[in-house]
1. Put +1 on the Cβ of each Lys and Arg and -1 on the Cβ of each Asp and Glu in the chain; which of Q208, N156, T285 then has its Cα farthest toward the positive end of the dipole?
2. Contour minus end-to-end for W46 and S298, with contour as 0.36 nm per residue of separation and end-to-end as the Cα-Cα distance?
3. For the chain, modelled as a GNM with alpha-carbon contacts under 10 angstrom, which of I238, I42, I360 fluctuates the most?
4. Within the accessible area of the chain, what % is carbon and sulfur when the probe is 1.4 Å and the other protein chains stay in place?
5. Say we join alpha carbon atoms closer than 10 Å with springs in a Gaussian network model of the chain; which of E363, E121, E204 then has the biggest fluctuation?
6. Relative contact order, percent, of the chain when contacts are C-alpha pairs under 8 Å separated by at least 6 residues?
7. Return P(r) of the range 207-365 (all Cα-Cα pairs; 10 Å bins starting at 0; whole %; ordered from short to long distances).
8. Among P252, F69, Q228, which residue has its Cα furthest toward the positive end of the charge dipole of the chain, with +1 on Lys/Arg Cβ and -1 on Asp/Glu Cβ?
Amino acid sequence: MSGTYQLTPESSAFRANLANLVSPLRRVRTRTPFFRLAAHRIPTLWELYRGLLRNSPTEQVKFRVRLAFRQNRYLTSPEETRKQLEKGYKYLDFFKKAMEGDTYRQGVMMRYSDMILLKREKSQMKRLLLEEMDWQLERRNQPKMTGGFIRPSILNVPLPRLMPQPQATSMIFVKRRTARELRHFRRDSFEEQLQDLRIEAEFEDGLQRMVSVPFPICFSGEAQSEWQQPIREAISEIQASQTRDYERANMPFPTELVEQVLEARREKHRNLTRARERERRGEMTKNALKRKRGTPPSWVIATMTPKRRHMDQVSRSLSEVGYVALVKRRLGFKLKNPDAGLELGEEENRPLLDLTTEAIRTENRRRADEERRMIQRLSRK
């Protein structure tokens, strides 16, 4: 059997009808992401989000709903988005039943609200602590006036002495010093170029006197000034920069700056006075601890006797009474209150000191005997 197969009219009509029935069922892939389609946005925003807010019993629950939607607003996975939407509709049904009068669900909602409130308070306290820590870290290296001056020079105007010195100030000094050195090199180079131009002009003048044939002039006459003008302008700019450097070095201290530095110096002394007062009250400050742990220089310690080293160590204490006061007095210290406390070693104080020593020793023996008897009773048991 040869030839092509011919469809009957009935078969063609059947196929056309079948295609019309199946075509609407074919899946159509869109290029628009699902989270931008109205079929997703309108139910999510107007039914789920709005419904959760309307049925929330307290402001704490509303806050948690808003926070959950802000956290999930950037989801692009259809599977993950479907899970979150199912969870949201489940909560919506729970909220609606609580609003309709379900006492159990109302109790759950109130406990949930209290839990959110406590968590928010905890987060608020944690945020405040972190902000305070950040503020303290920033102030740790915050420059402050030391009460001194940075005298004017060719590199800087009058400045207050800061501790620590800002990096910007240090970079100003470095860059100006480098620029000043470069200007000196440039000026030497320009001077050499002027010297070369003068030599070329003298050579052309001598050549004109020696030969009678005219030739074009390049470096002498009017051309000489044209060659030298840009170089002299550059040298003038360098001289103007040097003039500004010397003006900067001779600049007087502004009155406002002097007053600020002197006030910082007075405040520094006041701070030291307050620190010493705290030390006398028994507070162990950083400076007091450093002074107590300090020692004389090595070449001084090498010449000191063991007794003198002991006295030096005792004299670094903050106390000014008792044995410490006695050592400081022998070393020539000026005490704030020389009459405070008992002066050890004085003849008139010996009877009182002997009685005190005997009372202390008697109490120590009594406590030792009592402890010994208690140990014996426990060992018999």
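1. T285
2. 82.5 nm
3. Fluctuation is largest for I360.
4. On the way: 16960 of 30370 Å².
Answer for the chain is 56 percent, counting heavy atoms of protein chains only.
5. Evaluated over the chain, the most mobile residue of the options is E363.
6. Numbers: 208 pairs, mean separation 40.1, N = 381.
Relative contact order here is 11 percent.
7. All Cα pairs considered, the percentages come to 8, 16, 17, 13, 9, 8, 7, 7, 7, 5, 3, 2, 1.
8. Toward the positive end, the furthest listed residue is F69.
The values are calculated or read from the model by the stated rules, or taken from the named source; none is laboratory data. Owing to the predicted nature of the structure, the values given are computational and were not obtained by experimental measurement. In this analysis, Cβ positions are derived from the backbone assuming ideal geometry, glycine residues included, and neighbour counts consider all displayed protein chains. Surface areas here come from the heavy atoms of the whole protein model, side chains and all, with no ligands, DNA or RNA. Shrake-Rupley method; radii C 1.70, N 1.55, O 1.52, S 1.80 Å.
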